[in-house]
Amino acid sequence: MSDGTERGGGLEMAAAMAISGTIGYFVIESGQSIWNVVFFRCLFGAVCLTAYCGWRGLLFPWRFTMGSFLLCLVGGVAIVLNWVLLFSAYDLVSISIATTVYNMQPFFLILLGVVLFGERPTADALAFIAVAFAGLLLVVKIDPAGFSLTGGYLAGIGLALGAAALYAVASIVTKRLKGIPPHLIALVQVALGTAMLAPLADFSALPAHGLQWGYLVTVGVVHTSLMYILLYSALQKLPTTRVAVLSFVYPAVAILVDYVAYGRDLSPAQWGGIALILLGSAGVNLKWRLGLTRPLDRATRGDRASPQPSEAA
């Protein structure tokens, strides 16, 4: 792979992650219910991805078998509900906190690997999981003296964790759909999301202003269609390590947007928690070694390890 190709892939990956980092602002400013936001995200995304897949010649011939199509639909349910949970968390805990907690995705992938495939995480990976969990406790900022659930803060944390778990499910499903263009997978899943959420969308409370419609169209066209086109193009050009590193553009931009747009100020403990979560995630994604894993496990680790997907919203 040429330096120019990898450099182009790096720019595409950075752009995709930066776009993802701004989605919380557009979701909130649309003024719509979560069901409406995700419905229109799927609808506008499906329209654009249909045009793109048609232009690329991906619609015909049909590439799915019955089994792979049903598997794709399972992943679609997971990814759409992942959006519902993540967007719901924004109002309860802020964009910054929700996005950071959402970056616990790699650890759910490890857990699913253990449960579904009998994989054994290395001691190094377990250490980084412990680091990230310590960060999560700092972000949650539970005060035992004044413990209360009335503010919905813990509910927001739970929603963000649920979104991360669902994303991990969707990632595992997508990895099993080998030989099928990822843009076509995304199209099927957003089309499914449109059908799923149509009965739940409130069409009597649609945006009253053109600007709000602009936010919804942007979420569908830019944050869904364009972002996934850039992301999948980048994944074909970059090594796993660069993908993992550039994925952290997403939470960094989200935290910056939350601060600039809403003046959300985090406590020093929460900043420390964010740093620990991102450190733990980087350690797992980049397979950093702490010297805890026995040397004779390396061959096994190499066989079982799989690259972590990017964590775009």
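The values are calculated or read from the model by the stated rules, or taken from the named source; none is laboratory data. Predicted model, so just to flag it, every value in this text is computed and none were measured. Positions of Cβ are backbone-derived with ideal geometry, glycine not excepted, and every protein chain shown enters the neighbour counts.
Among what's in the range 194-232 and is of a type in the set (Ser, Thr, Tyr) and within 24 Å of the chain's Cα centre (by Cα), pick the residue that is surrounded by the most Cβ atoms within 10 Å (Cβ to Cβ). By that ranking, first place goes to Thr224.
In a residue-by-residue description of the range 14-36, the property of being closer than 22 Å to Ile180 by Cα and touching a Leu at 6+ places or on another chain (Cβ under 9 Å) applies to at least one position.
Of note, Leu231 satisfies the criterion of being part of a helix (DSSP H, G or I), under 26 Å from Arg56 (Cα atoms) and in contact (Cβ under 8 Å) with a residue 40 or more places away in the chain. Working only within the range 238-248, note down all residues that are at pLDDT below 90, not in a helix (DSSP H, G or I) and not aliphatic (A, V, I, L, M). Pro239, the sole residue that qualifies. Within the range 149-173, the set of residues being among the hydroxyl-bearing types (Ser, Thr, Tyr) and modelled with pLDDT of 90 or more comprises Tyr167, Ser171.
Collect the residues in the range 261-283 that are in a loop (DSSP other than H, G, I, E, B), of a type in the set (Gly, Ala, Ser) and touching a residue at least 40 places away in the same chain (Cβ under 8 Å), keeping them in residue-number order. Of everything in the range 261-283, just one residue is in a loop (DSSP other than H, G, I, E, B), of a type in the set (Gly, Ala, Ser) and touching a residue at least 40 places away in the same chain (Cβ under 8 Å), namely Ser267.
Checked against the criterion of being aromatic (Phe, Trp, Tyr), in contact (Cβ under 8 Å) with a residue 24 or more places away in the chain and out of contact with any helix residue (DSSP H, G or I) (no Cβ under 6 Å at 6 or more places or on another chain), the candidates Phe60, Phe69 yield just one match: Phe69. Applying a threshold of 9 Å to beta carbon distances and a minimum spacing of six or more residues, or different chains, the list of pairs starting in the range 187-210 at a residue that is under 22 Å from Asn82 (Cα atoms) and ending at one that is at pLDDT 95 or above and of a type in the set (Lys, Arg) reads Val190/Arg41; Gly193/Arg41.
Quick grid of which residues meet (1) aromatic (Phe, Trp, Tyr); (2) touching a helix residue (DSSP H, G or I) at 6+ places or on another chain (Cβ under 7 Å):
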{"position": "Val47", "(1), (2)": "no, no"}
{"position": "Trp55", "(1), (2)": "yes, no"}
{"position": "Phe64", "(1), (2)": "yes, yes"}
{"position": "Pro106", "(1), (2)": "no, yes"}
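Each residue in the range 207-228 was checked for being modelled with pLDDT of 95 or more and outside any helix (DSSP H, G or I), and 0 pass. Of all residues in the range 193-206, those that are of a type outside the set (Phe, Trp, Tyr) and part of a helix (DSSP H, G or I) total 7. Quick check on the range 149-163: of everything there that is of a type in the set (A, V, I, L, M) and surrounded by fewer than 22 Cβ atoms within 10 Å (Cβ to Cβ), which residue is nearest to Met104 (Cα to Cα)? Selected residue: Leu161. Within this structure, Pro251 passes the test of being in contact with a helix residue (DSSP H, G or I) (Cβ under 6 Å, 6 or more places away or on another chain), surrounded by 14 or more Cβ atoms within 10 Å (Cβ to Cβ), modelled with pLDDT of 90 or more and not polar (S, T, N, Q).
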